[in-house]
Amino acid sequence: MQATASPRLASYALLTAAGALAALVLGRPAIAALVVPFALAAAAGIASARDPGVLVGTSVSREHMLEGETLTLDVRLRAQRPVAWLEVLPVLPAALAASEPALPVVLALDDAAERTIAVEVTARAWGAYRVGQLLVRAAGPLGVVVREGAHPADGGVRVLPARDRLRRLIAPARAQAASGSRRSPDRGEGLEFADLRPFAPGDRVRRVNWRATARRGAPVVTDRHPERNADVVLFLDTFAEARRGHEGTLVRAVRAADSLASAHLGQRDRVGLVSFGGVTHWLLPGSGTARAERITDALLRSEIVFSYVLRNVKVLPPRSLPPHALVIAITPLLDDRTAAALADLRARGHDLVVVEVSPAPFLPPARGEAGALGRRLWELRRAALRARFTALGVPVVTWNGEEPLAAAVEEVMAWRRLARRRLRA
């Protein structure tokens, strides 16, 4: 620990110097006698100041947690010499907040005695953080010399996004050939009844419906809907965001993407991820627990990277966007490059859904008539962009991050039902 002069030492020195100067100028030695105790205190404090040899260690009660949950940061302290005044301040990232005890913590340590401080830390936003950094300050005798030291962060914690419960999911226009949990409109081997039809050469005997056969007097077989899975690609826009404090459109977009990925993987769908922005990353569609871990890790590394590069979907490998995949774009629609890329995806024939993470809650209030007019023009431009996607047959739903994500999913499903009715009419 590095020794530094405390404000008390500076005050003692100033009083001593002022008293000595006054005694010399006024010719009154008694004035110098008044400041002798301050000089003796400063000299004694400097002479007796020794490094207490404070040893620090930290540990966390858990390494994985969800937003809003609390962990315990245990700070272990031990001193080689007694310390009458020791100040300990854990340094936490902005997204982690200490609830108790009040910081900084001031305590005394006996010789070779170990003390443990339990600090309750609450996660306010998702991410991967380093924890355990401490600032330690020990005051020597009489408080004239202070020793300060820093303990580096030696632990890590991953805060996972809070997941919304989704009872229903967006169905793709076409299912894949692999087995899954979705009812396919095709007919074949499955569990859900589709129709009865006359027996045809090549039909298996086990598909014969004997009751219907007995009633009709001719062999009748049962057709069923097979259970298939789907390919789902989550398209995360990382070009731009609106932000206020630790909350922003990217934070909410990652929450939505994590909830959708978890729900679709639970339905045995193959899920992929495309992070489209200044730096583009992708994960090929896959299923299982390992895929869920990889998607979560990729989402925790999501960040806004400023760039002037004119990117398009041609930079993505073909396997990252398989044919007949359902592409769910989660974007604030703040960058024209994202809108152009999504229009290109639709032109290529992909089944596209746009979930617009509204930036409105993070905008500053409009000032004056000019500010209100500018806000109105901005809203009209965004409405025109939504109408452009609607004309392409792409449902666009606005989600503010505060309402349940299930409401946005239901809105997409209602839009698709209405679109099918119009086609049939």
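The values are calculated or read from the model by the stated rules, or taken from the named source; none is laboratory data. From a predicted model like this one, the values you see are computed outputs, not experimental measurements. Note that we place each Cβ from the backbone using ideal geometry, even for glycine, and neighbour counts take in every protein chain shown. The area values use the complete protein model at the heavy-atom level, side chains included, leaving out ligands, DNA and RNA. Shrake-Rupley method; radii C 1.70, N 1.55, O 1.52, S 1.80 Å.
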Could you grab me the full set of residues in the stretch 352-369 that are farther than 16 Å from GLU241 by Cα and either more than 29 Å from the chain's Cα centre (by Cα) or at pLDDT below 90 (or both)?
PRO365, ALA366, ARG367, GLY368, GLU369
Any residue in the stretch 401-418 that is over 19 Å from ARG174 (Cβ atoms) sitting within a Cβ distance under 7 Å of a residue that is of a type in the set (Ser, Thr, Tyr) and open to solvent by less than 80 Å² (accessible area, probe 1.4 Å)? List the pairs, counting only those 6 or more apart or interchain.
LEU405/SER259
For the stretch 373-387, what are the residues that are open to solvent by less than 50 Å² (accessible area, probe 1.4 Å) and within 31 Å of the chain's Cα centre (by Cα)?
ARG382, ALA383, LEU385
Whether any residue in the stretch 248-262 is more than 28 Å from ARG382 (Cβ to Cβ) and modelled with pLDDT of 90 or more is what I want to check.
yes
For ASP195, state whether it is modelled with pLDDT under 85 and open to solvent by 20 Å² or more (accessible area, probe 1.4 Å).
yes
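Name the single residue that is surrounded by the most Cβ atoms within 10 Å (Cβ to Cβ) among those in the stretch 347-357 being within 14 Å of PRO323 (Cα to Cα) and touching a helix residue (DSSP H, G or I) at 6+ places or on another chain (Cβ under 8 Å). Walk me through how you get there before you give the answer.
From the stretch 347-357, those within 14 Å of PRO323 (Cα to Cα) are 347-352; that's our starting set.
From the residues that got through so far, the ones that are touching a helix residue (DSSP H, G or I) at 6+ places or on another chain (Cβ under 8 Å) too are 348, 352.
On the way: ARG348: 12, LEU352: 25.
This residue is LEU352.
State yes or no: is ARG382 modelled with pLDDT of 90 or more and closer than 18 Å to ASP344 by Cα? I'd like the intermediate steps shown before the answer.
Numbers: modelled with pLDDT of 90 or more: yes; closer than 18 Å to ASP344 by Cα: no.
Answer is no for this residue.
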Suppose we filter the stretch 354-369 for residues that are in a helix (DSSP H, G or I) and either of a type in the set (S, T, N, Q) or in contact (Cβ under 8 Å) with a residue 40 or more places away in the chain (or both); how many remain?
3
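Each row is one residue, and each column tells you yes or no for (1) hydrophobic (A, V, I, L, M, F, W, C); (2) in a helix (DSSP H, G or I); (3) modelled with pLDDT of 90 or more; (4) open to solvent by 50 Å² or more (accessible area, probe 1.4 Å).
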site	(1), (2), (3), (4)
LYS314	no, yes, no, yes
ARG319	no, yes, no, yes
PRO323	no, no, no, yes
GLY371	no, yes, no, no
PHE389	yes, yes, yes, no
LEU418	yes, yes, no, yes
I'd like the residue in the stretch 391-412 that is surrounded by fewer than 14 Cβ atoms within 10 Å (Cβ to Cβ) and in a helix (DSSP H, G or I) and, out of all such residues, is farthest from the chain's Cα centre (by Cα).
ALA391
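Do we find a residue being over 20 Å from ARG168 (Cβ atoms) and in contact with a strand residue (DSSP E or B) (Cβ under 7 Å, 6 or more places away or on another chain) anywhere in the stretch 359-381? I'd like the intermediate steps shown before the answer.
Going through the stretch 359-381, the residues over 20 Å from ARG168 (Cβ atoms) turn out to be 359-381.
Filter again for in contact with a strand residue (DSSP E or B) (Cβ under 7 Å, 6 or more places away or on another chain), leaving 362.
Yes, the stretch 359-381 contains a residue that is over 20 Å from ARG168 (Cβ atoms) and in contact with a strand residue (DSSP E or B) (Cβ under 7 Å, 6 or more places away or on another chain).
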Can you name every residue in the stretch 70-84 that is basic (Lys, Arg) and either open to solvent by less than 80 Å² (accessible area, probe 1.4 Å) or in a strand (DSSP E or B) (or both)?
ARG76, ARG78
